[in-house]
Amino acid sequence: MPLLRSLPALTAALLLAACRAESAPAAPETALPSLVRAEVGNAAPVRQIAAAEDGLYLVDEAGKLFRLGSNGQTEALAEGFAPDVLLGAEEGLAVGGWRDNGGLLRLNAWRAEGHQAYGYFPAAAHAASVWHSGCLIAAAEAGGAAYPVRACPQKETLNIRAERRDITLLPDSRPVLWQGRAAVLGSPDAHSYRHGVLGDGIEAKTLYLLDTQTLRDAAEPFTLPAGLVFENNTVAAYGGKIAAVVSGSGAGARTVVLALQNGRWQIESQSTPLPENRWQSPFVFDGALYAVQMPHLAGRLVRYTAAAGGRLSERELGGGLSNHAMGSRDTNIGAVLPAYALIPQAGYRRLYALDKTGRLHRLEPELPARIVRSAVQGSRSYWLLADSSVWVWRQPETERISGG
């Protein structure tokens, strides 16, 4: 379905629905478990968190790396991690950053064998990386431009095994593994759509799908028409498809679903666009597509389903929610567990649990500070607050065992 067609103005009915969402009543209290403050031992104040199968990894203000295990014990692992750099983790692995004597940011990977591997190439300061087949798919930087690299640890060094300097990534790109390949946004554009709610005024024009070994194109790059941008730094894996956010051409954000057909991306369906300079943050839960529309205003939670004519129809589930803080590069601070998706309320001090029927459940207690980051480990979600405390919520045991 071509995107280059006239996009109708938002109807009065949709605007009225958004207004109703702003004043929607809070969901009732339920008997779901309460959030509990995690004891993090000497890891304080905490600045970064990332979860993996073997525990919650933390970086404190001094740059020390810790792991909180399932036994509730916190273990010191390493030093030299930059506390202001995004942390990533897999089982037996934590990836962050360090700064050399000249202040240049480099990648830093700790592995369970006790080794730290350092990258001696400049890393993009706000980008994330993913671990695949023993190597990192990450973003290096040269001349102020970010480009993809595949870096593999060898003793104490992260060696670049593949790179694509002909591709310019977003400076805060977040690659996503999709069917064994890496989906990432690039071709930065600071002129087509001026909104700037995601940390800077730079959006993307092109979706790349890269082979995780060679970084060669695994599909033809998909570049949006003039006037349109991907208003996000990442995409969402939606089964055998990709969900993304597209804005521009006189309208605000819409959620689009892209399907790969014969090596080329096609826009299969799209939602009704929001008004100009209004954004939405989609996510996938239990195989279904959801979004928080206008998370800085109405906070309208909707579920999308495919409809005739290449449309995504929507059903409103609640209002007053927000999975994105204005200016943050973390475009979804919610958490998706097997039986629930957790979404912050506007203000980021209370959480709601969305179940598979579409019902919202308010969780207790109200948190003492704003949520700044989340991490998921199986049936547990962790929440880093602005006061550096870490809280944990675990879905009920029966649902954890049954998966629903």
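Summed over the residues of the range 96-151 and divided among them, the accessible surface reaches 39 Å² per residue at a probe radius of 1.4 Å.
Think of the range 81-161 as a dipole: +1 on every Lys or Arg Cβ, -1 on every Asp or Glu Cβ, centred on the Cα centre; then among A145, A125, H115, A145 lies furthest on the positive end. Rounded to the nearest 20, the size of the Cβ-charge dipole of the chain about its Cα centre is 740 debye, with Lys and Arg at +1 and Asp and Glu at -1.
Between the listed residues H296, G318, A251, the Cα displaced farthest toward the positive end of the dipole of the chain, a dipole computed from Cβ unit charges relative to the Cα centre, is found at A251.
In the chain, a dipole from Cβ-located charges (positive for Lys and Arg, negative for Asp and Glu) runs towards its positive end, and of L215, L32, G201 it is G201 whose Cα lies farthest in that direction. Per residue, the convex hull around the alpha carbon atoms of the range 138-200 comes to 124 Å³. Report the paramagnetic label zone for E366: residues of the range 287-328 whose backbone N is under 17 Å from a point 7 Å from Cα along the Cα-to-Cβ axis. Counting backbone N atoms under 17 Å from the label point, the list is 320-322. Computed as a quarter of the hull surface, the mean projected area of the alpha carbon convex hull for the chain stands at 19.2 nm². The calculated pair-distance distribution of the range 212-299 uses every alpha carbon pair, bins of 10 angstrom beginning at 0, and gives 16, 47, 29, 7, 0 percent. Note on R216 and S70: the model spin-label points, each 7 Å out from Cα along the C-beta direction, lie 4.2 nm apart. In plain terms, the C-alpha convex hull of the range 243-342 casts an average shadow of 7.3 nm² when viewed from every direction. Which net charge results for the neighbourhood of D100, defined as the other residues with beta-carbon distances under 14 angstrom from its beta-carbon, given Lys and Arg at +1 and Asp and Glu at -1? Local charge sum for D100: +1.
With a Förster radius of 30 Å applied to the C-beta separation of E276 and R165, the computed FRET efficiency comes to 0.30. Size of the range 117-275 from its Cα atoms: along the principal axes, largest to smallest, the extents are 52, 33, 21 Å. Straightening the chain between R349 and N42 buys 108.1 nm, computed as 0.36 nm per residue apart minus the Cα-Cα spacing. Ligands, DNA and RNA left out, the 1.4 Å accessible surface of the range 31-92 is 42% carbon and sulfur atoms. Taking label positions 7 Å along the Cα-Cβ direction at both E79 and A31, the computed distance is 5.1 nm, reported to one decimal. The length gained by stretching the chain between T398 and A386 to full extension, at 0.36 nm per residue less their Cα-Cα distance, is 1.1 nm.
Here the spin labels are modelled as points 7 Å beyond Cα on the Cα-Cβ line, and at S313 and L297 they lie 2.6 nm apart. Once you reduce the range 81-108 and the range 303-336 to the center of their Cα atoms, the two points are 31 Å from each other.
Rounded to the nearest 20 Debye, what is the dipole magnitude of the range 343-404 about its Cα centre when Lys and Arg each give +1 and Asp and Glu each give -1 at the C-beta? Mind showing how you got there, number by number?
Numbers: 10 positive and 6 negative charges, 28 e Å.
The calculation lands at about 140 debye.
The values are calculated or read from the model by the stated rules, or taken from the named source; none is laboratory data. Note that the coordinates shown come from a computational prediction; the quantities given were computed from them, not determined experimentally. Ideal geometry is used to build each Cβ from the backbone, glycine not excepted, and the neighbour counts take in all protein chains shown. Keep in mind that these areas ignore ligands, DNA and RNA; they rest on the heavy atoms of the full protein, side chains included. Shrake-Rupley method; radii C 1.70, N 1.55, O 1.52, S 1.80 Å.
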